[in-house]
Amino acid sequence: MKNGIHNPGAWNLPAWSRIGAFEVFGDYAPMPGFRLVIAVGPTQAALTDALEHRATDSASLDPDLARATMRAGLGLLRGPLAEFVYANAEQAMVVLRPERTTAAGATMAISAQLVSAYASRVSLLCGREMSLQARVFELPDVTVVRRALGALVEDVEDNTPLRSALWLGAQLRGRGQAFHPSMVETLEEQTSLLRGHGIDMDTLPAWWWRGVAAHVDAAGALRVYDDLPHGEAFGDLVPE
């Protein structure tokens, strides 16, 4: 059944239950020293719909769609608002420059601007409009930002077999074949489905497992990381 069974996706990973404690709403000025992070990406319904509709013309797992969502996220570094972006196949986490968020009302205006920029980029790159969701977080300092993003990256990696199976399953539905998420509840079932369609998880690139990150360094040069380190080494990528 098309459009009725959605990939639970990156928005439901365990890390969000911890990061969610820092979510903020409405129009306000951040507390001194706090750092703002905006999460943006397609809704899971939009991703499922895109995978199904692109299925007959796309390679298994639709790597072009995954690259489009990541490129749309990294593109948010253009301009003066963002200083660091972590992007995976389903969403982007944008660390804002603190000097841009001091005034009351600035956060909501920046959030709207980034969502609009992401929407235009991802629509252009994947060839279809996609509905989005966005969340705003106020974290106490850069150390907490690093820990929050690090936890999300690890969850994304842990969830990759299930995410891959669900992306493939959406493609199978788009090609008129039967698929339901209950068919891939275990790692064995996920691996079996993927292997049955010629996908070896061990050969998938690092960015598919963990996403990518980028920031603009002190000299104004863009630095992109497509093979993300683990643990504190990933946190060290986030500027002070």
*asked:* As a test of understanding, state the convex hull volume per residue of the stretch 10-157 from its alpha carbons, in Å³.
replied: 98 Å³
*Could you tell me which of F234, V94, L124 has its Cα farthest along the dipole of the chain towards the positive end, charges placed at Cβ (Lys, Arg +1; Asp, Glu -1), taken about the Cα centre?*
L124
*asked:* Sort 79-89, 145-155 by packing, meaning the average of other beta carbons within 10 Å per residue, with the highest value first.
replied: 79-89, 145-155
_Overall form of the stretch 111-167 per C-alpha gyration tensor (a/c, 1.5; a/b vs b/c)_ = oblate
_Unit charges on C-beta of K, R, D, E only; dipole of the stretch 58-165, Debye_ = 340 debye
*Say the dipole of the stretch 10-157 comes from +1 at the beta carbon of Lys and Arg and -1 at that of Asp and Glu; which of V136, L77, P14 then lies farthest toward its positive end?*
L77
*Tell me, what ³J(HN,Hα) does each residue in the stretch 81-92 have, in order and in whole Hz, if you take phi through Karplus 6.51 cos²θ - 1.76 cosθ + 1.60 with θ = phi - 60° and put x for Gly and Pro?*
8, 9, 10, 7, 9, 10, 10, 10, 5, 10, 6, 10
*Stretched out fully, how many nm does the piece from E185 to T56 gain, at 0.36 nm a residue minus the Cα gap?*
43.9 nm
*Determine the sum of side-chain charges near H230: Lys and Arg each +1, Asp and Glu each -1, restricted to other residues whose C-beta is under 14 angstrom from that of H230.*
-4
_If packing is taken as the average number of other Cβ atoms within 10 Å across a peptide's residues, how do 108-118, 14-24, 218-228 rank, most packed first?_
108-118, 14-24, 218-228
*Charges only on Cβ, +1 for Lys and Arg, -1 for Asp and Glu: so what's the dipole of the chain about the Cα centre, in debye to the nearest 20?*
620 debye
*Measure nothing fancy, just the Cα-based angle from helix 187-196's long axis to the longest principal axis of the chain, in degrees from 0 to 90, nearest 10.*
60 degrees
*So what's the angle, to the nearest 10 degrees on a 0 to 90 scale, between helix 63-74 and the longest Cα principal axis of the chain?*
10 degrees
*asked:* Students often check this: by mean Cβ neighbours within 10 Å, which of 45-51, 230-236, 131-137 ranks highest, and how do the rest follow?
replied: 45-51, 131-137, 230-236
*Measure nothing but the geometry: give the 0 to 90° angle between the long axis through the Cα atoms of 160-174 and the longest principal axis through the Cα atoms of the chain, rounded to 10°.*
60 degrees
*What area, in nm² and to one decimal, does the C-alpha convex hull of the stretch 140-240 cast on average over all directions?*
8.5 nm²
_Local net charge near Y86, Cβ-Cβ under 11 Å (Lys/Arg +1, Asp/Glu -1)_ = +2
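Readers should treat all values here as calculations from the given coordinates under stated rules, not as data from a laboratory. Keep in mind the model is a prediction, meaning the values are calculated, not measured. Note that each Cβ is placed from the backbone with ideal geometry, even for glycine, and that neighbours are counted across all protein chains shown.
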